[in-house]
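A quick write-up on the structure given underneath.
The values are calculated or read from the model by the stated rules, or taken from the named source; none is laboratory data. None of the values given here were measured: they were computed from a predicted structure. All Cβ positions, even for glycine, are placed from backbone atoms using ideal geometry, and neighbour counts span all protein chains on display.
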Amino acid sequence: MAKKGRNAGLVALRNEALLARYYYWSVICERRFDSVLDILSKQEFFITEATIMRELLHHDEFLQELIRNKVTITQLSMAYPEWNWRPNTRFGYDKKQMRLF
């Protein structure tokens, strides 16, 4: 009998993308933790902040690998071409200003 519920393979892919986006917003764009959680939960993945924090804890080694390897936007865009990896420069904010939000 087939197991009911969420497809484990799809959840694993979502979690990998979630961690890559977390890395992008927090490390590359230097956004505050609460701001990153808000973006990921309400604009990009539509899951609760508690779920995001749980996945960050469970998959910390993947996140640490991204940080250790200093993965660039170019590398992220090659690995995940469906996402927009360009910083939003429409309003002319720099990283120092964005840390306030």
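Every residue in the range 1-22 that is assigned to a loop (DSSP other than H, G, I, E, B) and not basic (Lys, Arg), please. It would help to see each step written out before you state the result.
Going residue by residue through the range 1-22, those that are assigned to a loop (DSSP other than H, G, I, E, B) are 1-7.
MET1, ALA2, GLY5, ASN7 - these are the residues of the range 1-22 that are assigned to a loop (DSSP other than H, G, I, E, B) and not basic (Lys, Arg).
Among the residues of the range 33-63, the ones that are over 18 Å from LEU13 (Cα atoms), surrounded by 16 or more Cβ atoms within 10 Å (Cβ to Cβ) and either among the hydroxyl-bearing types (Ser, Thr, Tyr) or more than 12 Å from the chain's Cα centre (by Cα) (or both) come to 1 in all. When the residues of the range 64-87 are filtered to those that are surrounded by 14 or more Cβ atoms within 10 Å (Cβ to Cβ) and farther than 15 Å from ARG14 by Cβ, which remaining residue is modelled with the lowest pLDDT? Going through the qualifying residues, I end up with PRO87. Comparison of GLU16, GLU30 shows that the only residue that is within 19 Å of PRO81 (Cα to Cα) and surrounded by 12 or more Cβ atoms within 10 Å (Cβ to Cβ) is GLU16.
Of the residues making up the range 71-89, those that are part of a helix (DSSP H, G or I) and over 13 Å from GLU16 (Cβ atoms) are ILE73, THR74, GLN75, SER77, MET78.
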